[in-house]
Amino acid sequence: MKPPETSRLAAVIADLRDRGYRCPDPIDVEAPVVATDGDHPADGPDVPLSIDRVREVTPLTIASGLADAAHAGRAPVLVVDEWGLEDARAVLGEPFLLRGRTDGHREFYSIPDRIPLADGRYACVRADEEPQWREDPSTAVTSVDDGREESQWREDGPDRTGTDEPRLLLEADGTIQAVLNSPEALTCPRPAPDAFPYRYGRGADKRIHVFDRDGEIGQYAGIAAMRGNAYRPVPLPLVPEHHVRTGGRLARGVTLAIVTDDGIAYERA
């Protein structure tokens, strides 16, 4: 018996072959399957398809799949389960690849990556709630590219100049914890240690050491113990243009393939 991962992907591949697509045989369930020369099942673009079985429906896995397909000039088709369909729709619907949008600014999904600082430690906050990233309301936001080769995700607002970048705000427990000039300030160069209220790192004693802007304030046996005292690692925000760098129109036209007892259902996100 084929495992579920293989059988679901195989069912979609078989359906696409019936629609005139040419697909490799055997299929590789560990990599997207490229299908060519058929009729798009949901009236999508006339380019090769990149069929990707999404095992874990998260904003990061979806964004990564779209980015890989679009960069290769292919139309992404994501194979999802019925129980992952609503989560996929939420990520791919409006606002596209965003947690939300309020008063003209973007609210970002978080991804598991930590934020390294210039001193080799990592950013953290002390809060009861998980920290969330959003843009400053005074700077504007955009939708995905509608036709240009490179994705453009920002648009000018009433308080912006042509060279302004939206500031990035980190919020937890209803309080602004950190302010950065732009998403680029998270990675290149690394933020200064005092950009966040707290930071942490593993010492030579194998313990986690937590610091505020004045110095060390605590030691813990591990990350779980640190979190138990409300010190939470700061996750990176999923900034759409940092993932979908080319082929914005293809990424935006993603198709979901849902395997049901009645067959294969396709829908454009």
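The values are calculated or read from the model by the stated rules, or taken from the named source; none is laboratory data. Predicted, not measured: the structure shown is a model, and the values here were computed from it. Using ideal geometry, Cβ is built from the backbone for each residue, glycine included, and neighbour counts are taken over all protein chains shown. For the accessible areas, the whole protein counts, side chains as well, though only heavy atoms, and no ligand, DNA or RNA atoms are used. Shrake-Rupley method; radii C 1.70, N 1.55, O 1.52, S 1.80 Å.
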field: Pick from segment 88-103, criterion surrounded by fewer than 17 Cβ atoms within 10 Å (Cβ to Cβ) and either of a type in the set (Val, Ile, Thr) or not in a strand (DSSP E or B) (or both), ranking: modelled with the lowest pLDDT
entry: Asp103
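Looking only at segment 239-265, count how many residues are of a type in the set (D, E, K, R) and free of Cβ contacts under 8 Å to residues at least 24 places away in the same chain. Before the answer, list the steps.
So in segment 239-265, the residues of a type in the set (D, E, K, R) come out as 241, 245, 249, 252, 261-262.
After this cut, where a residue has to be free of Cβ contacts under 8 Å to residues at least 24 places away in the same chain as well, the list is 261-262.
Result for segment 239-265: 2.
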message: If I ask for residues that are part of a loop (DSSP other than H, G, I, E, B) and open to solvent by less than 50 Å² (accessible area, probe 1.4 Å), which ones from segment 23-47 would you list?
response: Cys23, Ile27, Val29, Ala31, Gly38, His40, Pro41, Ala42, Gly44, Pro45, Val47
field: Pair list, Cβ < 7 Å and 6+ apart or interchain, from segment 24-45 residues that are within 18 Å of Gly247 (Cβ to Cβ) and among the polar types (S, T, N, Q) to residues that are surrounded by 14 or more Cβ atoms within 10 Å (Cβ to Cβ) and modelled with pLDDT of 90 or more
entry: Thr36/Tyr21; Thr36/Pro48
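Quick one: is Ala14 touching a residue at least 40 places away in the same chain (Cβ under 8 Å), assigned to a helix (DSSP H, G or I) and either out of contact with any strand residue (DSSP E or B) (no Cβ under 6 Å at 6 or more places or on another chain) or buried (at least 22 other Cβ atoms within 10 Å of the Cβ) (or both)? Write out each step before concluding.
On the way: touching a residue at least 40 places away in the same chain (Cβ under 8 Å): no; assigned to a helix (DSSP H, G or I): yes; either out of contact with any strand residue (DSSP E or B) (no Cβ under 6 Å at 6 or more places or on another chain) or buried (at least 22 other Cβ atoms within 10 Å of the Cβ) (or both): yes.
Criteria not met by Ala14.
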query: Take the residues of segment 171-191 that are without any contact (Cβ under 8 Å) to a residue 24 or more places away in the chain, part of a loop (DSSP other than H, G, I, E, B) and not polar (S, T, N, Q): which is farthest from Gly120 (Cα to Cα)?
result: Gly174
- line: Those residues of segment 238-266 which are polar (S, T, N, Q), in contact with a helix residue (DSSP H, G or I) (Cβ under 9 Å, 6 or more places away or on another chain) and within 28 Å of Arg134 (Cα to Cα) amount to Thr246
message: Please count how many residues of segment 116-135 are closer than 19 Å to Gly201 by Cα, of a type outside the set (A, V, I, L, M, F, W, C) and open to solvent by less than 10 Å² (accessible area, probe 1.4 Å).
response: 1
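Residue under question is Pro112, and the condition is that it be open to solvent by 70 Å² or more (accessible area, probe 1.4 Å), farther than 25 Å from Ala225 by Cβ and either in a loop (DSSP other than H, G, I, E, B) or modelled with pLDDT of 90 or more (or both); does it hold? Spell out how you get there, then give the answer.
Details: open to solvent by 70 Å² or more (accessible area, probe 1.4 Å): yes; farther than 25 Å from Ala225 by Cβ: no; either in a loop (DSSP other than H, G, I, E, B) or modelled with pLDDT of 90 or more (or both): yes.
Answer is no for this residue.
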message: Just the residues that are touching a helix residue (DSSP H, G or I) at 6+ places or on another chain (Cβ under 7 Å) and either at pLDDT below 95 or among the β-branched types (Val, Ile, Thr) (or both), please, taken from segment 115-136.
response: Ile115
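Name the residues in segment 48-86 that are more than 13 Å from the chain's Cα centre (by Cα), assigned to a helix (DSSP H, G or I) and of a type in the set (Asp, Glu), would you? Give the steps one after another, and end with the answer.
Taking segment 48-86 and keeping what is more than 13 Å from the chain's Cα centre (by Cα), we get 48-55, 69-86.
From the residues that got through so far, the ones that are assigned to a helix (DSSP H, G or I) too are 69-71, 82-86.
Hits for segment 48-86 are Glu82, Glu86.
Based on what the data block shows, is Ile62 within 30 Å of Leu168 (Cβ to Cβ) and aliphatic (A, V, I, L, M)?
Details: within 30 Å of Leu168 (Cβ to Cβ): yes; aliphatic (A, V, I, L, M): yes.
Taking the combined requirement at face value, the residue satisfies it.
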